[in-house]
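> Below is a structure I'd like to ask you about.
The values are calculated or read from the model by the stated rules, or taken from the named source; none is laboratory data. Just so we're clear, the structure is a prediction, and the values are computed from it rather than from any experiment. Neighbour counts run over all protein chains shown; Cβ positions are idealised from the backbone, glycine included. Each accessible area value is taken on the protein alone, full model and side chains, heavy atoms only, with ligands, DNA and RNA left out. Shrake-Rupley method; radii C 1.70, N 1.55, O 1.52, S 1.80 Å.
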Amino acid sequence: TVLAGMHLAGHDIATIADSVIRPTFDRLGGLWKGSLTGIFLEHRATQLCLTALDELRAMATQRPLHPGRSAVIAGPPGDPYLLPSILTTLTLREAGWQVTCLGPDTPLDVLEHAARDLSANLVCLSITAAPTPTLGVEIGALVERCAAQRCHVAIGGQSVCALELGEHLPMIGHSMTELLELTRGL
């Protein structure tokens, strides 16, 4: 596939996600509104992308893991999008992180529990769907509880700017490349 070819040519998964996958789905998302054809194209493209990402997963998991780098990835409650969590998982895995992906629509309490059980030092939330009015406050509480476990929280996604965050701020990235930069110091 095109994505595997890019990876074999030396592009990391973060770059592929930022330069190919995200712009493609941004365009497809514009077709989605009020159009059966747009919905069909987006759903079909998602399935094709998932197949291509399976190829990249095989390549990413051949890299060695770094001790002390463990992450739990998910989409928040009410967010049904799968691709962002998978792209985050593959991006971090390629960078040597031990990653557990809980997928979309995950309660924040479950995410915190998983981070504690797995001794994770990073929790990532991908916020693609329009957030609920209370999600920002709930993320702030998660940041505070995770900090007590020596675990950082990073958020990103196309709807992250719509959050009303409280006083306990997570790390915020607007791309997979930014996510890698944020996590380099952990």
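> With a point put 7 Å past each Cα toward its Cβ, work out how far E167 is from L31 in nm, to one decimal.
Using points 7 Å along Cα→Cβ, the separation is 4.8 nm.
> While we're on this one: Classify the stretch 62-142 as rounded, prolate or oblate, taking a ≥ b ≥ c as the square roots of the eigenvalues of its Cα gyration tensor: rounded when a/c is under 1.5, otherwise prolate if a/b is larger than b/c and oblate if not.
It is oblate, given that a/c is not under 1.5 and a/b is not larger than b/c.
> Right, here's the next one. Say each of A147 and H66 gets a label point 7 Å from the Cα, pointing the same way as Cα to Cβ; how far apart are those two points in nm?
Reported label-point gap for A147 and H66 is 2.3 nm.
> If I stretch the segment between E181 and D105 completely, what's the gain in nm (0.36 nm per residue apart, minus their alpha carbon distance), one decimal?
24.8 nm is the gain from fully extending E181 to D105.
> Rounded, prolate or oblate, given the Cα gyration tensor of the stretch 1-61, with a/c below 1.5 counting as rounded?
prolate
> Let me ask something else about it. Please work out whether the chain counts as rounded, prolate or oblate from its C-alpha gyration tensor, where a ≥ b ≥ c are the square roots of the eigenvalues and a/c under 1.5 means rounded, while otherwise a/b larger than b/c means prolate and anything else oblate?
Note, shape of the chain comes out oblate.
> What accessible area per residue, rounded to a whole number of Å², is obtained for the stretch 39-184 using a probe radius of 1.4 Å?
On a per-residue basis, 49 Å².
> Heads up, I need the accessible area for L108: 1.4 angstrom probe, whole protein in place, Å², nearest 10.
Here the residue's solvent-accessible area equals roughly 10 Å².
> Expressed in nm to one decimal, what extension gain is obtained for the pair D117 and V2 from 0.36 nm per residue of sequence separation less their Cα-Cα distance?
In short, 37.6 nm is gained.
> Residue by residue, what Karplus-based ³J(HN,Hα) values in Hz, rounded to whole numbers, does the stretch 58-73 have, using 6.51, -1.76 and 1.60 with θ = phi - 60° and x for Gly and Pro?
Going residue by residue, I get 4, 6, 5, 6, 7, 7, x, 8, 8, x, x, 10, 10, 10, 10, 10 Hz, with x marking Gly and Pro.
> What percentage of the solvent-accessible surface of the stretch 1-146, computed with a 1.4 Å probe over protein heavy atoms, is contributed by carbon and sulfur atoms?
Reported share for carbon and sulfur atoms: 61 percent.
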